[in-house]
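Novice: The structure follows.
The values are calculated or read from the model by the stated rules, or taken from the named source; none is laboratory data. Everything numeric in this text was worked out from a predicted model, so none of it was measured. Heads up, the Cβs are rebuilt from the backbone with ideal geometry, glycines too, and the neighbour counts pull from every protein chain shown.
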Amino acid sequence: MPITTKKRSPIISRFSASLIAVFAALLTTPSLSSASTITFDDLGFVNGQRVNRVPGVTITAVDFNRFGRRRAVIFDSEQLGSNTPDLEARAYGLPRWSGGNLEGMQLNNVLTLKGCNLTFNPKPESDDRSYPSTLWSTTWSTTSSHPWDESHWSDHSGSSCGGGSRPCRPSEGIIRFKFDVPITSIGFALVNVDESFASEAWVTLRDIHYTGVTVLLSTLLEGLEIGANTANQIAPLTAEALGLGPIKSVTFLMRSDVGLDNITFLPIPEPATGMFLALGLALLAGSRRRA
């Protein structure tokens, strides 16, 4: 009896090969398997610039001391002679970040709250109060024809700062990161956190079900050197360890002399990608059975 063999359809074979190539690419896509890191250095930001968006993340800020004005700004930690020396990496004649687990590391731009002790730089040439409008509030007044001259800005507290009448204490508020795609973990660097602030400051992680967990900075910094001119990288906090679902937002209690950097997070696969992956694998299995 002659032996016959069943030939595989060339169309099915080509289809199977294409599926294998597509799903191999999907499985090696960074968004599925690699963490993303925000350093604020390679996105074109300059010292003093307000930040409300980076790739994949919306950033909002509320300043408790400045009438609720929203402003998270860039501070170049490599500069010298600013009005915020505690955020300078080489302040007071010390080596770059003289303490913490990032000792000696060049962080460059860090994110902080804009306070009266932070100079907005570069300043626009124009005195137009409408640009940028976010720097102005009806609760503030100016006695100068040059509103960008901070020595003439005033509030109604009667306290003095830099020749004007602005409050001099560091501003305190929150900075919130809202992720386009939920994440499973987040790590970050903290700059210039002293013992007093660490004992009262916190970070809150909230998942897609609006369940939140709050962790004190003192817990995260336990065993690490903290204080002026220190920088520390915090090990990633995971949703699993905190008993959360996929994390949608992370909120920090912040101060205008404290910096954030190296925001490292791991996005979960997008639902559409997962569905296509499952569908493709099912079609591939079916094509093999038909063949």
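Novice: Of the residues that sit in the range 240-256 and are among the small types (Gly, Ala, Ser) and surrounded by fewer than 21 Cβ atoms within 10 Å (Cβ to Cβ), which one is nearest to the chain's Cα centre (by Cα)?
Specialist: Result: Ser249.
Novice: Looking at the range 32-53, I want the residues that are within 23 Å of Glu78 (Cβ to Cβ) and have a partner that is part of a loop (DSSP other than H, G, I, E, B) and hydroxyl-bearing (Ser, Thr, Tyr) with Cβ atoms under 8 Å, at least 6 apart or on another chain. Which pairs are those?
Specialist: These pairs meet every condition: Gly48/Thr119.
Novice: Against the definition (basic (Lys, Arg) and modelled with pLDDT of 90 or more), how does Arg129 come out, yes or no?
Specialist: no
Novice: Among the residues of the range 227-238, which ones are more than 17 Å from the chain's Cα centre (by Cα) and either surrounded by fewer than 21 Cβ atoms within 10 Å (Cβ to Cβ) or within 13 Å of Val203 (Cβ to Cβ) (or both)?
Specialist: Hits for the range 227-238 are Gly227, Ala228.
Novice: Can you pull out the residues in the range 185-208 that are under 15 Å from the mean Cα position of the chain (by Cα), β-branched (Val, Ile, Thr) and crowded, with 17+ Cβ neighbours inside 10 Å?
Specialist: Correct list: Ile186, Val191, Val203.
Novice: OK, next. Can you tell me which residue in the range 36-76 is modelled with the lowest pLDDT, limited to those that are aromatic (Phe, Trp, Tyr) and assigned to a loop (DSSP other than H, G, I, E, B)?
Specialist: Taking the candidates together, the pick is Phe67.
Novice: With the requirement that a residue be farther than 15 Å from Ser256 by Cα, among the polar types (S, T, N, Q) and assigned to a loop (DSSP other than H, G, I, E, B), what does the range 183-230 give you?
Specialist: Thr211
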